[in-house]
Amino acid sequence: MYQRFFKRLLDIVLAAFLIIILSPFYLCLFVYVRIFMGSPVLFSQERIGKNEKTFKLYKFRSMTNETDENGKLLDEQKRLTKAGILLRSSSLDELPELFCILAGKMSFVGPRPLPTYYAPFFLDKERIRHSVCGGLIPPDGLCGETTPEWETQFEYDVYYAENVSFVLDIKVIFATFKILFKRMKNNYGAEDRPHLNEYRKNMIIEQENENELSIK
């Protein structure tokens, strides 16, 4: 009953309330991002939603559009500014996702919606995470780490998808307050975790190298 009805109702009410209350703050962030990182102010990307249906997720941008002499975008860490690090560490860059929640594409609590180009790199058991709506607040906060390993993140995602409840949502939300404090303290926005596609490709290469060595 909670997952089918009350969870969505709470999402609508809370998202609408926060959007109204935070509207002046949205304007301030809009100006902040425009000054320090340029235009466009919003970053958009196709993400994997419930039942693996795609949708467009919006965030305040946290990187510049700097390119090299060939017009190619620089690496993410080189385009990440101090202003962007602050936005990421405080999670203020995620605020536009409230509109995704209001539209029913996301929920307040749920596995983070990941980019569509990650799709081929999920293990079958990890795809269970897509049986529920992706969330602004991820369940992996329960592990207490600011940047968990991919396997740890997916473990909590799958557990959440199989055990959605009001009590679990409350636990995730309270755990996230602690994580946010750690993020601000540890400069989370500057951390660089490999993308899932890169991570899984490297794992395959390492396994192949180990197999070759064992044969020799």
Ignoring everything but the protein chains, give the 1.4 Å probe accessible area of S89 in square angstrom, nearest 10. 10 Å²
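How high is the relative contact order of region 89-190? Use alpha-carbon pairs under 8 Å, at least six apart in sequence, and give a whole percent. Please list the in-between numbers first.
On the way: 123 pairs, mean separation 33.4, N = 102.
It rounds to 33 percent for region 89-190.
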Tally up the carbon and sulfur contribution to the accessible surface of the chain as a whole percent, 1.4 Å probe, everything protein left in place. 60 percent
At a Cα cut-off below 27 Å, give the lysines reachable from K72, other chains included and same-chain residues fewer than 8 away excluded. K56, K59, K82, K201
Dipole of region 7-90, positive direction: furthest Cα of T64, G84, C28, with charges on the beta-carbon: C28
All other residues with a Cβ under 13 Å from the Cβ of K125 taken together, and with Lys, Arg as +1 and Asp, Glu as -1, what is their net charge? -4
Whole Å is fine, so just give me how far the alpha carbon centre of region 132-155 lies from that of region 81-124. 12 Å
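Once you charge only the Cβ atoms, +1 for Lys and Arg and -1 for Asp and Glu, what is the size of the charge dipole of region 1-110 about its Cα centre, to the nearest 20 debye? Each step should come with its number before you reach the end.
Values: 16 positive and 11 negative charges, 82 e Å.
With only Lys, Arg, Asp and Glu charged at Cβ, the dipole is about 400 debye.
Once you charge only the Cβ atoms, +1 for Lys and Arg and -1 for Asp and Glu, what is the size of the charge dipole of region 56-97 about its Cα centre, to the nearest 20 debye?
Details: 8 positive and 8 negative charges, 21 e Å.
Here the size comes out at about 100 debye.
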Charge dipole of the chain built from unit charges on the beta carbon (Lys, Arg +1; Asp, Glu -1), centred at mean Cα; most positive-end Cα among P111, L18, V158 is L18
Cα-centre dipole for the chain with unit charges at Cβ (Lys and Arg positive, Asp and Glu negative), debye to 20: 920 debye
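With every protein chain kept in place and ligands, DNA and RNA left out, what is the accessible area per residue of region 35-160? Probe 1.4 Å, answer in Å².
48 Å²
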Do the sum for the chain: with -39,500 (n - 2.57) for every DSSP H run of n ≥ 4, divided by all residues, what is the mean residue ellipticity at 222 nm, to the nearest 500 deg cm²/dmol? -15000 deg cm²/dmol
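The values are calculated or read from the model by the stated rules, or taken from the named source; none is laboratory data. Note that this is a predicted model, so its numbers are computed, not measured. Quick reminder, even Gly has a Cβ in these numbers, built from the backbone with ideal geometry, and neighbours come from all protein chains shown. Protein only, heavy atoms only, side chains kept; ligands, DNA and RNA dropped before computing areas. Shrake-Rupley method; radii C 1.70, N 1.55, O 1.52, S 1.80 Å.
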